């Protein structure tokens with residue numbers, strides 16, 4: 001697995017709710033490439049709860065949408081916008097969980113529309129949420145001109161972001 005380098009790191013005015021690393025109120029997601037999948041390990045926080053100790057469904061949808069955009073950045077080397085999204089909630093995610101894992105991959109591409117499948121599992125690897133996002137891909141020139149997108153590289157070194165996670169009690 002390789003860590004994806006955020007192409008907007010250090011850019012003035014960059015405050016994405018999903019992925020800006022220094023946004024105090026944001027999700028501060030990080031991403032990795034694992035073969036055909038993009039992976040994010042995220043730590044739920046109590047300020048994102050809907051009901052007591054339950055991650056708000058809108059935050060779950062935002063997490064799914066954000067990782068889908070990183071599939072576009074990395075796999076297509078451009079940017080785009082969400083055209084349609086469908087979310088299915090299977091079980092609650094607890095804000096007290098040590099972490100959750102998001103995995104996303106391209107399911108289908110038809111011209112400039114890409115269908116991306118997302119799965120969110122808890123720290124015990126139980127499926128909690130599934131989403132399908134359809135993204136409209138921008139031409140690379142528009143992505144560069146309007147969204148300051150140049151490329152989305154990965155670090156050279158392999159890494160294991162799971163190695164430093166806390167053990168889950170069984």
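Here, each number is a calculation from the coordinates, and none is a lab measurement. Just so it is clear, the model here is predicted, and its values are computed rather than measured. Cβ sites come from the backbone with ideal geometry, for glycine too, and all protein chains shown count toward neighbours.
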| message | Between residue 136 and residue 2, what's the calculated FRET efficiency when r is the beta-carbon distance and R0 is 35 Å? Round to 0.05. | response | 0.85
| Where does helix 57-71 land angle-wise versus the long Cα axis of the chain, in degrees 0 to 90, nearest 10? | 40
| task | Sort 11, 1 so the one with the fewest other Cβ atoms within 10 Å of its own Cβ comes first. | result | 11, 1
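How do 83, 68, 123, 40 rank when sorted from fewest to most other Cβ atoms within 10 Å of their own Cβ? Walk me through the numbers on the way to the answer.
Numbers: 83 14, 68 28, 123 20, 40 25.
Starting with the residue having the fewest Cβ neighbours, the order is 83, 123, 40, 68.
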| request: Please report how far the C-alpha centroid of segment 1-46 lies from that of segment 105-170, rounded to the nearest whole angstrom. | output: 10
